[in-house]
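Chemist: What follows is a single structure, and I will ask about it in a moment.
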Amino acid sequence: MKTLVLVEHDNASVKDATLATVTAAAAIGDVDLLVAGSNARGAAEEAAKIAGTGKVLLADDAAYEHQLAENVAPLVVGLMADYDAFVAPATTTGKNIAPRVAALLDVMQISDIMSVEGDRTFTRPIYAGNAIATVQSSDDKLVLTVRGTAFDKAEAEGGSATIEEVSGKGDSGLSQFVSQELAESERPELTSAGIIVSGGRALKDAETFEQYITPLADKLGAGIGASRAAVDAGYVPNDYQVGQTGKIVAPDVYFAIGISGAIQHLAGMKDSKTIIAINKDEDAPIFQVADIGLVGDLFKILPELTEKL
Amino acid sequence: MKILVPVKRVIDYNVKPRVKADGSGVDLANVKMSMNPFDEIAVEEAIRLKEAGKAEEIVAVSIGPAKAQETLRTALAMGADRAILVETDDEVEPLAVAKILKAIAAEEQPGLIMLGKQAIDDDSNQTGQMLAALMERPQGTFANTVEVDGDSVTVKREVDGGLETVKLTMPAIVTTDLRLNEPRYASLPNIMKAKKKPLDTKTSADYGVDTARRLTTTNVSEPPVRQAGEKVADVDALVAKIKALGIA
Ligand SMILES: Cc1cc2nc3c(=O)[nH]c(=O)nc-3n(C[C@H](O)[C@H](O)[C@H](O)COP(=O)(O)OP(=O)(O)OC[C@H]3O[C@@H](n4cnc5c(N)ncnc54)[C@H](O)[C@@H]3O)c2cc1C
Ligand SMILES: Nc1ncnc2c1ncn2[C@@H]1O[C@H](COP(=O)(O)O)[C@@H](O)[C@H]1O
């Protein structure tokens, strides 16, 4: 089978989410990469170094700068004449574009695959990960999104793919990019962080969250996450949310601090290697999945813990 | 302007789903069902646009079993004006749902179609994008704020790195994220009134859509269960454990 992988990038460089997607695609067949962007040769050159790939298709056009689905999907559909599967990371970019491609190809997408079981057979989580479905496609072509935490990352170096320029229709005239507010942070990205410190509703407000969670995260070089309740209440921005409908993470160590452990939260972090929970309620559901738990008041525990580490 | 709001009847988000022992699916017998939470947010946003004078009529649509009437009545009680049930006992996949919605949109000519970003049962996160593709219209997915201005709609989207704002030419498709609004509860008088609002029942054949499944689910299993570990007595014990992990 021939697969085309959507590269996640910011025009200058390749984002990590691409690497696990390449591994998943390689389990299905040969892998070519698509970089759709504007002045994106930098990203294409980086993509060409990913081990185990054939060629990189570079669609360089102002219309693809922000990867608007209305513009990128027709481009992909045009390229799919030569491919059997379109594979995208299950990031907000991938989730935005892939179903649009699937509908134009008249195929049913398989979202969030966790394993490749055969040519057209995959597993995927349903019901907030409370069940795992094995799903087989009967469509001619496959459209898949890939859960990054379920696959190893392909090597970012070592490949030497050729870069081939391709083009599509460009601007569909349907939508326009206006602006973005992207968090600038020195911290590791949540989806690839080795350690994550997450805070919940118990953190009271934005200042308190910062005051108690940040020093611990700094000490450990950790990424910072949050429950939906903490995001809704404005303690932290939306992109911190871990869970069924937020980010899916699986770090080596996940700290859940003042988080009860609702199924929607667990859906996003229960594949972490080690889970450490701090909660004043000894019956909080989070303790049912935590490897190490400490019952008590986080406002007493955290300063002492941060100091002693 | 008319707003179309597709609402799905799903397992209530407070219920912990149980996988059937024979691997055929999740046990929904005698389980509490509700409107998909993201769809409540979509209904709420539509009502707010109507209250702000930006929309005249809200039509709720559900594709599902006869009982999905209850879900539609909830939408009507919240403030939708009328409802369409496309009745089927089959599980209809997002692609087929999108095709049915496209046919309904061709009849209703809405300026906006507001869906949830994701149904919490299949967790597909596909239908809105597919509908937008089939209709060749723009999509504002994972909406955090929605502003209608003349014949365009500006959508601030929740993306992995933060927020992104796009401007779409209407008719447009919007899918809701959690922070868009907090849905209202239907008041008792409104629940009574909703019983008299029009609810049409149709079938997928009325729209000429083939709902045959493209995907076969060969097995549904429980994920590996995580065992609870141990509780430590105090911060010193926790520090020792953390150091043993080699991260500090
Ligand atoms: C459609 C939908 C999607 C959702 N998606 C997500 C998602 O992606 N991610 C997500 O996280 N949630 C999600 N949720 C929300 C989820 O159901 C819970 O409401 C949420 O996770 C609760 O957050 P919390 O644990 O911070 O708050 P709470 O449940 O209020 O828990 C706070 C915890 O803090 C503890 N605590 C309080 N004070 C202290 C103290 N001083 N010291 C120590 N402990 C203390 C309490 O004992 C409690 O256990 C979703 C819900 C819906 C309906
Ligand atoms: N059977 C259905 N009836 C009505 N709306 C639906 C149905 N299935 C999906 N939708 C809509 O599409 C959204 C996304 O669903 P999904 O793509 O299945 O995750 C939901 O939040 C609903 O707004």
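The values are calculated or read from the model by the stated rules, or taken from the named source; none is laboratory data. Because the structure is a prediction, the values reported are computed rather than measured. We place every Cβ from the backbone using ideal geometry, glycine too, and count neighbours over all the protein chains shown.
Chemist: Scan the stretch B:121-133 for residues that are of a type in the set (S, T, N, Q) and more than 7 Å from chain A (Cβ to nearest Cβ) and jot them down. It would help to see each step written out before you state the result.
Modeler: Residues of the stretch B:121-133 that are of a type in the set (S, T, N, Q), as a first pass: B:124-127, B:129.
Correct list: B:Thr127 only.
Chemist: How many residues does the stretch B:200-223 contain that are within 10 Å of chain A (Cβ to nearest Cβ) and in contact with a strand residue (DSSP E or B) (Cβ under 9 Å, 6 or more places away or on another chain)? Show your work before the answer.
Modeler: Within the stretch B:200-223, the first condition is being within 10 Å of chain A (Cβ to nearest Cβ), and the residues that meet it are B:212-223.
With the extra rule that they be in contact with a strand residue (DSSP E or B) (Cβ under 9 Å, 6 or more places away or on another chain), the set shrinks to B:214-223.
Going through the stretch B:200-223 one residue at a time, the tally reaches 10.
Chemist: Output yes when any residue across the stretch B:36-56 is part of a strand (DSSP E or B), within 13 Å of ligand 2 (Cβ to nearest atom) and either surrounded by fewer than 20 Cβ atoms within 10 Å (Cβ to Cβ) or modelled with pLDDT of 95 or more (or both), and no when none is. Break it down stepwise before answering.
Modeler: Let us first name the residues in the stretch B:36-56 that are part of a strand (DSSP E or B), namely none.
Among the residues of the stretch B:36-56, not one is part of a strand (DSSP E or B), within 13 Å of ligand 2 (Cβ to nearest atom) and either surrounded by fewer than 20 Cβ atoms within 10 Å (Cβ to Cβ) or modelled with pLDDT of 95 or more (or both), which makes the answer no.
Chemist: Another question, then. Within the stretch A:229-248, count every residue that is under 17 Å from the mean Cα position of the chain (by Cα) and more than 16 Å from ligand 2 (Cβ to nearest atom).
Modeler: Quick first cut of the stretch A:229-248, residues under 17 Å from the mean Cα position of the chain (by Cα) only: A:237-248.
Still in the list and also more than 16 Å from ligand 2 (Cβ to nearest atom): A:237-242, A:247.
Looking only at that region, the number is 7.
Chemist: If you go through the stretch A:290-309 one residue at a time, do you hit one that is of a type in the set (Phe, Trp, Tyr) and more than 9 Å from ligand 1 (Cβ to nearest atom)?
Modeler: Filtering the stretch A:290-309 down to residues of a type in the set (Phe, Trp, Tyr) leaves A:299.
Filter once more, keeping what is more than 9 Å from ligand 1 (Cβ to nearest atom): none.
Taking every residue of the stretch A:290-309 in turn, none turns out to be of a type in the set (Phe, Trp, Tyr) and more than 9 Å from ligand 1 (Cβ to nearest atom).
Chemist: What strands (runs of 3 or more DSSP E) lie completely within the stretch A:115-178 and have 2 or more residues being surrounded by 15 or more Cβ atoms within 10 Å (Cβ to Cβ)? It would help to see each step written out before you state the result.
Modeler: Details: elements: A:115-118, A:121-126, A:131-137, A:142-146, A:162-165.
In the stretch A:115-178, the matching strands (runs of 3 or more DSSP E) lie at A:115-118, A:121-126, A:131-137, A:142-146.
Chemist: In addition: Condition first: part of a strand (DSSP E or B) and under 20 Å from B:Gly161 (Cα atoms). Can you find one or more residues in the stretch A:9-21 that meet it?
Modeler: Going residue by residue through the stretch A:9-21, those that are part of a strand (DSSP E or B) are A:9, A:14.
From the residues that got through so far, the ones that are under 20 Å from B:Gly161 (Cα atoms) too are A:9, A:14.
The answer is yes, given that some residue of the stretch A:9-21 is part of a strand (DSSP E or B) and under 20 Å from B:Gly161 (Cα atoms).
Chemist: Out of all the residues in the stretch B:231-248, which are at the interface with chain A (Cβ under 7 Å from one of its Cβ atoms), of a type in the set (A, V, I, L, M) and not in a helix (DSSP H, G or I)?
Modeler: Within the stretch B:231-248, B:Val232, B:Leu245, B:Ile247, B:Ala248 meet the criteria.
Chemist: Filter the stretch B:156-174 down to residues that are hydrophobic (A, V, I, L, M, F, W, C) and more than 9 Å from chain A (Cβ to nearest Cβ) and give me whichever is nearest to A:Gly173 (Cα to Cα). Walk me through how you get there before you give the answer.
Modeler: Filtering the stretch B:156-174 for residues hydrophobic (A, V, I, L, M, F, W, C) gives B:159, B:163, B:166, B:168, B:170, B:172-174.
After this cut, where a residue has to be more than 9 Å from chain A (Cβ to nearest Cβ) as well, the list is B:170, B:173-174.
On the way: B:Met170: 12, B:Ile173: 15, B:Val174: 17 Å.
Ranking the candidates gives B:Met170 first.
Chemist: So, one more: Search the stretch B:98-115 for residues being in a helix (DSSP H, G or I) and more than 11 Å from chain A (Cβ to nearest Cβ), and hand back the single one that is nearest to ligand 1 (Cβ to nearest atom).
Modeler: Of all residues in the stretch B:98-115, those in a helix (DSSP H, G or I) come to B:98-108.
Still in the list and also more than 11 Å from chain A (Cβ to nearest Cβ): B:100-101, B:103-108.
On the way: B:Ile100: 23, B:Leu101: 21, B:Ala103: 28, B:Ile104: 25, B:Ala105: 25, B:Ala106: 30, B:Glu107: 30, B:Glu108: 27 Å.
Checking each candidate, the answer is B:Leu101.
Chemist: For the stretch B:118-149, name all the residues that are of a type in the set (D, E, K, R) and touching a residue at least 40 places away in the same chain (Cβ under 8 Å). Step through it out loud before you land on a result.
Modeler: Taking the stretch B:118-149 first, the residues of a type in the set (D, E, K, R) are B:121-123, B:136-137, B:147, B:149.
Matches in the stretch B:118-149: B:Asp121 only.
Chemist: Need the failing condition index for B:Gln118 against (1) within 7 Å of chain A (Cβ to nearest Cβ); (2) over 30 Å from B:Arg18 (Cα atoms); (3) among the polar types (S, T, N, Q), just the number.
Modeler: With respect to (1) within 7 Å of chain A (Cβ to nearest Cβ); (2) over 30 Å from B:Arg18 (Cα atoms); (3) among the polar types (S, T, N, Q), B:Gln118 is out only on (2).
Chemist: Can you confirm whether A:Pro251 is closer than 29 Å to A:Asp112 by Cβ, away from ligand 2 (no atom under 16 Å from the Cβ) and within 12 Å of chain B (Cβ to nearest Cβ)? Explain how you work it out, then say what you get.
Modeler: Working: closer than 29 Å to A:Asp112 by Cβ: yes; away from ligand 2 (no atom under 16 Å from the Cβ): yes; within 12 Å of chain B (Cβ to nearest Cβ): yes.
Judged against the criteria, A:Pro251 is a match.
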